[in-house]
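The values are calculated or read from the model by the stated rules, or taken from the named source; none is laboratory data. Since the structure is predicted, the reported quantities are computational estimates derived from the model, not experimental observations. Using ideal geometry, Cβ is built from the backbone for each residue, glycine included, and neighbour counts are taken over all protein chains shown. The area values use the complete protein model at the heavy-atom level, side chains included, leaving out ligands, DNA and RNA. Shrake-Rupley method; radii C 1.70, N 1.55, O 1.52, S 1.80 Å.
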Amino acid sequence: MELFRLFAMLLAIASLIAAVLGLGGAFNDALDVINHFAPLTLGAATIAAGIQGALGPTREKATLTCALLAMAILIAFMVPEYVAKVVQSHVAPRGQTIKVIEMNLWSENVDPAGTARWLAAQHADVLILEEVVAAGYPVPDLVKTVYPYRTHCEPDVPCTTFILSRRPPRAGGVYPSPDSSGLHSAAWATFGAGPSAYTVIGDHALWPRPSQHQQSQTALLAARFAAFDRNSLIVAGDFNSTPWSFSLRRQDALFGLERRTRALFSFPVRTYSRYRLWTPVPILPIDHIYAGKGWRTVSVRLGPRLGSDHLPTVAVLTR
């Protein structure tokens, strides 16, 4: 019994320390990394409180106090995202309606053919694909009959983020990756003309560690929006940042667009990292789709588990 009490106390204290340190993310990007794992920390604090409650009252109230304080801080972090999810408006399709799919293909994709079959069957207007490299590299060619148009890399700019479409873009290009591998590049494509024109930007952001690199990449990407009509702009990608972090909140404000993906847990769905880590359900909502005020949301959802360690995100937008 005492072992359980000790375990609950250590879990509660660790949860409270993580929650308090996370508050420092408001001014320190390194501390903000802790906030990405807020759901796990909240789960740990809840388990600690549950164990303490099951063991019955004791003179020592420290465990329950720590657990409840941690829960209060973490819930405060997470509630705004769920409120935004609940109040997000959805409309019926109007005059111009497009379907956009974003997906990190993963360099170790275990089923590129199956991934390609699903993407082709969706008949989306635009695909934004990241990590088009190694095992994920064949996918664009496998869907070429449905999505014959794609952004092209420049000879001196390695890129692994592609935009594919069923209709030809009027213009397009790539933005170089901030790292030498080219894994975290971006791409853009403009479709249509006049009132029906819109631009899509796809991005694969750096991981939040080391700190400040991801934030610098985000600032540079946002500065590039000036070349396009922000009202009709659509931005999607694997941003490696969760809604309960200060980093993503700052990114939301910097972009000046409405994030249409709310609390959609997209990663990981397979064994990942060099340490072969695994979770039974996705725990990080890091794939996001933004759109300008000219677009209304018809639907936003996650796609099925395919060959990647990310789930695809699917948005239908109208105006």
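Tabulate in residue order the Karplus-calculated ³J(HN,Hα) for segment 189-202, using 6.51 cos²θ - 1.76 cosθ + 1.60 with θ = phi - 60°, rounded to whole Hz; enter x for Gly and Pro.
For segment 189-202, the Karplus curve yields 8, 10, 10, x, 8, x, x, 8, 6, 7, 10, 10, 10, x Hz.
Report the net charge of residues surrounding Gln88, where surrounding means a beta-carbon distance below 11 angstrom and charges are Lys +1, Arg +1, Asp -1, Glu -1. Intermediate results must be reported in sequence, preceding the final value.
Numbers: positive: Lys85, Arg259, Arg260, Arg262, Arg296; negative: Glu81, Glu258.
Value of the local net charge: +3.
How large, in percent, is the carbon and sulfur part of the accessible surface of the chain at a probe radius of 1.4 Å? Walk me through the numbers on the way to the answer.
On the way: 9060 of 14150 Å².
Carbon-and-sulfur percentage of accessible area, whole number: 64.
In a Debye calculation with equal point scatterers on the alpha-carbon sites of segment 134-195 and no solvent, what is log10 I(q)/I(0) at q = 0.14, 0.20, 0.22, 0.27 Å⁻¹?
Scattering profile of segment 134-195, log10 relative to I(0): -0.43, -0.81, -0.93, -1.17.
Kindly express, to the nearest 10 degrees and within the range 0 to 90, the angle between helix 246-255's C-alpha long axis and the longest C-alpha principal axis of the chain.
30 degrees
Using a 1.4 angstrom probe on the protein heavy atoms only, line up Phe265, Phe37, Phe4 by accessible area, largest first.
The most accessible residue leads, giving Phe4, Phe37, Phe265.
If you average the alpha carbon positions of segment 128-178 and of segment 269-304, how far apart do those two centres end up, in angstrom?
So the separation of the two Cα centres works out to 20 Å.
Could you give each residue of segment 70-77 its phi-based ³J(HN,Hα) in whole Hz, using Karplus coefficients 6.51, -1.76, 1.60 with θ = phi - 60°, and x for Gly or Pro?
Along segment 70-77, the couplings run 4, 4, 4, 5, 5, 5, 4, 5 Hz.
Could you work out the relative contact order of the chain? I mean the mean sequence separation of Cα pairs under 8 Å and 6+ apart, divided by the number of residues, in percent.
Numbers: 703 pairs, mean separation 58.6, N = 319.
Value for the chain: 18 percent.
Heavy atoms of the protein only, probe of 1.4 Å, neighbouring chains included. What is the accessible area of Asp229 in Å², nearest 10?
Surface accessible to solvent at Asp229 totals approximately 90 Å².
Using a 4.7 Å cut-off between beta carbons, which cysteines in the chain end up with no partner cysteine at all?
Flagged as lacking a Cys partner: Cys66.
Given +1 on the Cβ of Lys and Arg, -1 on the Cβ of Asp and Glu, and no further charges, what dipole in debye does the chain carry about its Cα centre, rounded to the nearest 20?
Numbers: 28 positive and 22 negative charges, 188 e Å.
Magnitude of the dipole: close to 900 debye.
Quote the accessible area belonging to Tyr82 in square angstrom, nearest 10, computed with a 1.4 Å probe and with ligands, DNA and RNA left uncounted.
Approximately 90 Å² of Tyr82 is accessible to the 1.4 Å probe.
Multiply the residue separation of Leu3 and Arg276 by 0.36 nm, subtract the distance between their alpha-carbon atoms, and state the gained length in nm to one decimal.
On the way: separation 273, 0.36 × 273 = 98.28 nm, distance 3.02 nm.
Extra length available between Leu3 and Arg276 comes to 95.3 nm.
How much space per residue, in cubic angstrom, does the convex hull of the C-alpha atoms of segment 103-214 take up?
Details: hull volume 12.5 nm³, N = 112.
Given the Cα convex hull of segment 103-214, per-residue volume reads 112 Å³.
Rounded to whole Hz and in sequence order, give me ³J(HN,Hα) for segment 133-144 from the Karplus expression 6.51 cos²θ - 1.76 cosθ + 1.60, θ = phi - 60°, writing x for Gly and Pro.
With coefficients 6.51, -1.76 and 1.60, one gets 7, 6, 5, x, 4, x, 4, x, 5, 5, 10, 4 Hz.
Send over a whole-number figure in Å² for the accessible area per residue of segment 216-267, probe 1.4 Å.
Accessible area per residue: 32 Å².
With +1 on each Lys and Arg Cβ and -1 on each Asp and Glu Cβ, how big is the dipole of segment 28-136 about its Cα centre, in debye rounded to the nearest 20?
Values: 6 positive and 10 negative charges, 113 e Å.
Once rounded to the nearest 20, the dipole reads 540 debye.
Mind checking the dipole of segment 90-150: about its Cα centre, +1 per Lys or Arg Cβ, -1 per Asp or Glu Cβ, Debye to the nearest 20?
Details: 5 positive and 7 negative charges, 73 e Å.
Roughly 340 debye, rounded to the nearest 20.
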